[in-house]
């Protein structure tokens, strides 16, 4: 049995400037633990694969396409591929989210998504 504690996984550098840790990464799926401190947000972007967010702790805002919704612990939010999305923490507490990408995006897909995100800044 393999176990992973997100606290022991090194934070990944990312263009969002937030704490993100890849806690599961196989040929088929990628799982990232994200922690947004009060006032932090992602840069609005799209992914080339389907994504879902599972809220672990706190409250925040999820924006997918033209929709924005306040979400809280134990909610799951589906984000289809190629639809711009963003997470915001407008609260005074931490906002922890599990991000699951399936199928796992390829390296080139990741590079293209980051390039497009940086262009739209």
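Every number here is computed from the coordinates shown, using simple stated rules; none is lab data. This one's a predicted model, so the numbers in the text were calculated from it and none came from an experiment. So basically every Cβ, Gly included, is an ideal-geometry build from the backbone, and we count neighbours across all protein chains shown.
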* Which ordering of 93, 27 is given by a fewest-first count of other beta-carbon atoms within 10 Å? -> 27, 93
* To do: Would you mind giving the three semi-axes, in whole Å and largest first, of the ellipsoid equivalent to the stretch 1-110 according to its Cα gyration tensor?
  => 20, 18, 13
* Under a plain spin-label model, where a point goes 7 Å from the Cα along Cα-to-Cβ, how far apart in nm are residue 86 and residue 24? -> 2.9
* Asked: What length, rounded to one decimal in nm, is gained on full extension from residue 94 through to residue 75, with 0.36 nm per residue of separation minus their alpha-carbon distance?
  -> 5.3 nm
